[in-house]
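The values are calculated or read from the model by the stated rules, or taken from the named source; none is laboratory data. Keep in mind that this is a model prediction, so the values were computed, not measured. When we count neighbours, we look across all protein chains shown, and the Cβ atoms used for this are built from the backbone with ideal geometry, even at glycine.
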2 protein chains.
Amino acid sequence: MKILVLGAGQLARMMALAGTPLNLQINAYDVNTDTIVDAISQQAIGRGLATAIADADIITAEFEHIPLPILEQCQQSGKFLPGAEAIKAGGDRRIEKQLLDNAGVKSAEYAIVNTEAQFKQAITDLGLPLVFKSALAGYDGKGQWRLKTTEQAAVLWQEIADFLAADPKQAIVAEKFVPFQREVSLIGARDANGNISVYPLTENHHVNGVLSTSVIAEATTALQQQAEQVFTKLANSLNYVGVLAIEFFEVNQQLLVNEIAPRVHNSGHWTQQGADVCQFQLHLRAICGLPLGSTDLIRPTLMINILGEDSLPNEILAISGLQLHWYGKSKRPGRKMGHINLSAVNKTELKHKFNQLIDLLPAAAFPQLTTMLEQL
Amino acid sequence: MKILVLGAGQLARMMALAGTPLNLQINAYDVNTDTIVDAISQQAIGRGLATAIADADIITAEFEHIPLPILEQCQQSGKFLPGAEAIKAGGDRRIEKQLLDNAGVKSAEYAIVNTEAQFKQAITDLGLPLVFKSALAGYDGKGQWRLKTTEQAAVLWQEIADFLAADPKQAIVAEKFVPFQREVSLIGARDANGNISVYPLTENHHVNGVLSTSVIAEATTALQQQAEQVFTKLANSLNYVGVLAIEFFEVNQQLLVNEIAPRVHNSGHWTQQGADVCQFQLHLRAICGLPLGSTDLIRPTLMINILGEDSLPNEILAISGLQLHWYGKSKRPGRKMGHINLSAVNKTELKHKFNQLIDLLPAAAFPQLTTMLEQL
């Protein structure tokens, strides 16, 4: 079976690595260069979306910020999963908020802001502090502003107004600040028959708005169930097929949806070593109509992102239960270059190994790991 | 780092899948067609051994029956690991027996047979029953004859004489039949510094001379140590770098070497799901000078070969702990097309799942699995 992935980054690559043993042939379509490439080797295979679509049995996506004409062309082929509606909801906070409201799922109170009047109204209606988020292409903390006091409002509005003026398609979603205790995410899949299979909740730590570490969350059964109910509502409301990721704010044992990602997700990379079927193969199984299989935990696993570094001391490979996943990308400051999965038989051993690892990693490139170790 | 694998089959493919996350770029050289291909996609990259060697940082092999001129050209490059001597020992039973004798490692008593006089002498010296094995290219039960009674000797000699006449390079090694209780194998790696890391002993079941299933052996510490001592002697005597597989006959708690394979091995495929670092990555770590890491067992895992079939009921993917590994090859009767790894938390659960699996597999294509289940 031939799969086309929109996007030729690390998620397409890891899908291909997980799908090759199932004899799935996975090509990637680079939307920026209009080229079809081998998802692993990045070797050019051909050009043109029409060719790519014609050659594929199933089309999917590794990211949600896809130009609408491309989405529509894929949708029309009848081969696209999870489909244009889900991708649009993941790529536009306005549509996402509408989806959450319609599904009866809790998230932070919000208002759409396109004008200064709406900006002021949002402050009045929602109160401070407020978080302003760009509606489009706003992942990894880009296009976000915080307003803590009314004195800062005029200066901030000017900044936001400039941002909006630069792109007529953009809009801002103002969200009431949520004083959350932690951020967790739930990753799982729904197949075409409505079967749903999810992983345990994952706890995520960010540094400067970018994911730094993910690890299985200490969570009550009630919290896991709460997350699974939200997952089921959203996945069913979208008639979703594939892996879906939901990021939550946890506030006093209540989960508010922060955002959704209609795809495999960075906070699910630990499943490569920690779960029975990893999220990449889970997604492929779902879109290919194969049994989802088991999302059971094999052993506690911690994921650490590698940002802006293209080499690490080889000694880390001597730590038992450590697997290194490079993405084959050229180095740029802050770029996601790879990740480390660290597994252990239990949490105590995991802490011990994490401590060993921290000693070997360059501290400047891996800030705040010691803090995360203490919280583990 | 760029690795060239001599041989473009499933072992090169699985090496590439295990090495890509380490940013190792793995190409395969098809010795039959003189082409360089992507080890995963099989896409042609170039032609010619000299080009392939020049482009590689390290050269290794996925099989031992490699023409001598190719071996020598690779050896001269100074990039070849485990090196021509080890590959030759794996590809010629005469050299292999000499290696075992020199290292002081026990194997079945033997004699080299090239003439009728030597044939008769071997019967006199070693006694019956005898097993005659071709010196070259004799894997998977091909080129093997058994002699049980002297009455059959004349007919058998004629068959062997015809075989020898057809290829002047061939020879026969006559081995005293070993009344073994079971066949086990030890797979492990040695790095350039002499560090050795091995997996637990694996118990192997063959059908018609071809491996059918492998699973962690119930073995005493003494038996594991005995195997490790043999491994250490052989690996050190070859100054071996990479993964080495040793097949043993177990006779009353004594291990006799059956044969060695200077490469990753079918009986080690279970390590993909059952061990910390799988044999494919272990080999790459060894030849790239990276830490070997841990060969610890994660969970009991059973490997079942898929022979001559290019599809199986999708329902098997619903069994938790089951992973399917297809090799992307075209169907031929008896050909190794893929394998199934089945993992469980313990042996009892493994038996239960194996039973589930047997019910779903086409019985004609998977003979004797019920017998193996009973022995598990």
- Looking across the range A:129-139 at residues that are in contact with a helix residue (DSSP H, G or I) (Cβ under 9 Å, 6 or more places away or on another chain) and assigned to a loop (DSSP other than H, G, I, E, B), the single one that is modelled with the lowest pLDDT is A:138
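Rundown of residues vs (1) in contact (Cβ under 8 Å) with a residue 60 or more places away in the chain; (2) surrounded by fewer than 17 Cβ atoms within 10 Å (Cβ to Cβ), yes/no style:
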| site | (1), (2) |
| --- | --- |
| A:151 | no, yes |
| A:160 | no, no |
| A:193 | no, yes |
| A:204 | yes, no |
- Message: Test of understanding: among A:12, A:39, A:50, which residue is facing chain B (nearest Cβ under 10 Å), in contact (Cβ under 8 Å) with a residue 12 or more places away in the chain and small (Gly, Ala, Ser)?
- Response: A:39
- Is it true that residue B:347 is of a type in the set (Lys, Arg) and in contact with a helix residue (DSSP H, G or I) (Cβ under 7 Å, 6 or more places away or on another chain)? no
- Task: Inspect all residues belonging to the range A:324-347 and state whether any of them is assigned to a loop (DSSP other than H, G, I, E, B), crowded, with 23+ Cβ neighbours inside 10 Å, within 11 Å of another protein chain (Cβ to nearest Cβ) and in contact (Cβ under 8 Å) with a residue 12 or more places away in the chain.
- Result: no
- Here are some conditions: (1) in contact with a strand residue (DSSP E or B) (Cβ under 7 Å, 6 or more places away or on another chain); (2) buried (at least 18 other Cβ atoms within 10 Å of the Cβ). Residue A:299 meets all but one. Which one does it not meet? (2)
- Query: Out of curiosity, is residue A:168 closer than 19 Å to residue A:256 by Cα and surrounded by fewer than 16 Cβ atoms within 10 Å (Cβ to Cβ)?
  - Reply: no
- Name the single residue, out of those in the range A:311-322 being closer than 15 Å to residue A:341 by Cα and in a loop (DSSP other than H, G, I, E, B), that is farthest from the other protein chains (Cβ to nearest Cβ). A:312
- Task: Scan the range B:234-244 residue by residue and report those that are surrounded by fewer than 23 Cβ atoms within 10 Å (Cβ to Cβ) and within 19 Å of the chain's Cα centre (by Cα).
- Result: B:238
- Which ones in the range B:169-179 are under 19 Å from residue B:230 (Cβ atoms) and at pLDDT below 95? B:178
- Query: Restricting attention to the range B:306-334, which residues are in contact with a Phe, Trp or Tyr (Cβ under 9 Å, 6 or more places away or on another chain) and more than 13 Å from residue A:22 (Cβ to Cβ)?
  - Reply: B:307, B:309
- Message: With the requirement that a residue be out of contact with any helix residue (DSSP H, G or I) (no Cβ under 8 Å at 6 or more places or on another chain) and under 19 Å from residue A:110 (Cβ atoms), what does the range A:159-168 give you?
- Response: A:163, A:164
- Item | Index of the failed condition, residue B:149 passing every other in (1) in contact with a strand residue (DSSP E or B) (Cβ under 7 Å, 6 or more places away or on another chain); (2) farther than 30 Å from residue B:68 by Cα; (3) polar (S, T, N, Q) | (1)
- Query: Within the bounds of the range A:42-58, is there any residue that is within 20 Å of the chain's Cα centre (by Cα) and surrounded by 18 or more Cβ atoms within 10 Å (Cβ to Cβ)?
  - Reply: no
- Query: Quick one: would you say residue A:105 is out of contact with any Pro (no Cβ under 6 Å at 6 or more places or on another chain), assigned to a loop (DSSP other than H, G, I, E, B) and among the β-branched types (Val, Ile, Thr)?
  - Reply: yes
- Please state which of the following conditions residue B:368 fails to meet, knowing it meets all the rest: (1) more than 13 Å from every other protein chain (Cβ to nearest Cβ); (2) surrounded by fewer than 19 Cβ atoms within 10 Å (Cβ to Cβ); (3) of a type outside the set (A, V, I, L, M); (4) without any contact (Cβ under 8 Å) to a residue 60 or more places away in the chain. (4)
- Query: Can we say residue A:248 is buried (at least 20 other Cβ atoms within 10 Å of the Cβ) and touching a helix residue (DSSP H, G or I) at 6+ places or on another chain (Cβ under 6 Å)?
  - Reply: no
- Task: Answer yes or no as to whether residue B:289 is farther than 25 Å from residue B:376 by Cβ and more than 22 Å from the chain's Cα centre (by Cα).
- Result: yes
- Which residue out of B:70, B:87 is in a helix (DSSP H, G or I) and within 19 Å of the chain's Cα centre (by Cα)? B:87
